[in-house]
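Below is one structure, written out as structure tokens; the observations come after it.
The values are calculated or read from the model by the stated rules, or taken from the named source; none is laboratory data. This structure is a prediction, so every number in the text was calculated from the model and none was measured. With ideal geometry, Cβ positions are generated from the backbone for all residues, glycine too; neighbour counts draw on all protein chains shown.
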Amino acid sequence: MCHNNSIDSDEKSSVLVDKTKSGKVRPWKEKKIASVDYFELLHILEFKKAERVKECAVLLEYKESRETGERKLYKVWFCKSRLCPMCNWRRAMKHGLQSKKVVSEVIRQKPTVRWLFLTLTVKNVYDGEALNASLSDMAKGFNRMMKYKKIAKNLVGFMRATEVTVNNKDNSYNQHMHVLLCAEPTYFKNTENYVNQKQWIKYWRKAMKLNYDPSVKVSIIKPKNEQKTDIQSAIDETAKYPVKDTDFMTDDEAKNLKRLADLEEGLYRKRLISYGGLLKEIHKKLNLDDAEDGDLIHTGDDEKADEDGYSIIAMWNWERKNYFLKKP
């Protein structure tokens with residue numbers, strides 16, 4: 001993450017300003033404020049992990065190279081709670097980078113493959129217990145569907161990410177999957193190989209054992225704009241936060257508490273990111289760690305910090321709601 005880091009400070013207040021190589025300020029302050037709001041809701045709900053969330057990223061330690069003067073993030077303790085805004089920010093960056101590496105290697109090995117973007121949805125649910133059950137069913141249903149003969153025969157691999165959004169009109173939860181599918185070029189050859197929209201709906205309904213036609217969207221990946229490649233656009237979609245903290249951080253505390261309790265129960269012990277086929281093989285071959293529960297310090301593609309460098313400490317100030325550099 002911290003390639004060619006620059007850490008600026010105001011001489012009077014020593015506020016941490018952590019910038020990327022391109023000069024963009026990293027949102028440590030904003031993510032920590034959101035994390036504190038999350039902690040306060042957990043505390044009211046009497047979750048045991050509340051104190052753990054409170055301590056998330058309270059202290060940031062950087063190392064400054066004695067030779068080059070470069071500063072890189074060295075140590076941070078992250079709570080890794082599923083809904084922590086701080087940790088989700090780090091996970092999304094890490095997942096995005098890992099996905100890019102995996103996809104690049106797939107293209108290197110099989111340059112003629114085609115890419116599809118698939119969104120799979122089922123009916124909304126209204127509480128945490130139903131959400132938990134639905135997410136489990138969707139994971140099983142997806143695995144079943146990927147084994148169906150017509151799908152499997154042209155499938156090279158996939159990357160799947162699960163997202164949950166909140167409907168503000170009726171306070172229900174919409175659980176859906178974003179899937180980056182990699183297919184052989186023969187997928188588009190003829191009707192024997194090609195799976196059209198209606199067939200995807202039929203297969204998803206069958207795999208989920210539903211009594212209704214679910215919402216399924218499938219498209220050939222196209223670039224969103226000139227600055228982004230088609231693949232990068234799809235990666236960005238699959239690397240989104242599984243749940244946006246704004247969904248349980250409204251102006252209504254009672255609503256926030258209900259939503260957070262439901263989401264905590266619904267996402268308990270759920271794997272939200274998975275790879276299959278060649279993409280899974282490459283992820284393992286590249287020795288990439290778990291984007292959900294792995295190292296959240298090194299989310300970029302840079303070298304690790306110089307352990308022999310000078311330490312620079314930034315601490316969270318609870319009253320002033322910002323990170324301040326600690327004088328040596």
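Some values worked out for this structure:
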item: Hits in the stretch 157-210 (condition: more than 22 Å from Tyr275 (Cβ to Cβ) and assigned to a strand (DSSP E or B)); result: Thr165, Val166, Tyr173, Asn174
item: Residue in the stretch 73-84 that is in a strand (DSSP E or B) and farther than 30 Å from Met315 by Cβ present; result: no
item: Test set (1) free of Cβ contacts under 8 Å to residues at least 40 places away in the same chain; (2) in a helix (DSSP H, G or I) - Pro111 fails condition number; result: (2)
item: Hits in the stretch 229-255 - residues which are in a helix (DSSP H, G or I) and over 18 Å from Asn174 (Cβ atoms); result: Asp230, Ile231, Gln232, Ser233, Ala234, Ile235, Asp236, Glu253, Ala254
item: Top-ranked residue in the stretch 292-328 [being small (Gly, Ala, Ser) and modelled with pLDDT of 90 or more; ranked as farthest from Thr68 (Cα to Cα)]; result: Ala314
item: Only one of Met177, Met138 that is free of Cβ contacts under 8 Å to residues at least 60 places away in the same chain, assigned by TED's automatic domain parsing to the domain that holds Tyr275 and among the hydrophobic types (A, V, I, L, M, F, W, C); result: Met177
item: Qualifying residue in the stretch 217-238 (condition: surrounded by fewer than 13 Cβ atoms within 10 Å (Cβ to Cβ), modelled with pLDDT under 85, among the charged types (D, E, K, R) and more than 30 Å from Ala34 (Cβ to Cβ)); result: yes
item: Condition check for Lys258: over 26 Å from His176 (Cα atoms) and modelled with pLDDT of 95 or more; result: no
item: Qualifying residue in the stretch 99-116 (condition: in contact with a Ser or Thr (Cβ under 8 Å, 6 or more places away or on another chain), surrounded by 16 or more Cβ atoms within 10 Å (Cβ to Cβ), at pLDDT below 95 and closer than 27 Å to Pro27 by Cα); result: yes
item: Residues of the stretch 31-66 that turn out to be in contact (Cβ under 8 Å) with a residue 60 or more places away in the chain, assigned to a loop (DSSP other than H, G, I, E, B) and more than 20 Å from the chain's Cα centre (by Cα), as a count; result: 5
item: Candidates Cys87, Cys56 - the one that is touching a helix residue (DSSP H, G or I) at 6+ places or on another chain (Cβ under 6 Å) and over 30 Å from Val156 (Cβ atoms); result: Cys56
item: Strands (runs of 3 or more DSSP E) within the stretch 259-328 that include 1 or more residues in the same structural domain as Phe142 (by TED's automatic domain parsing); result: 273-276
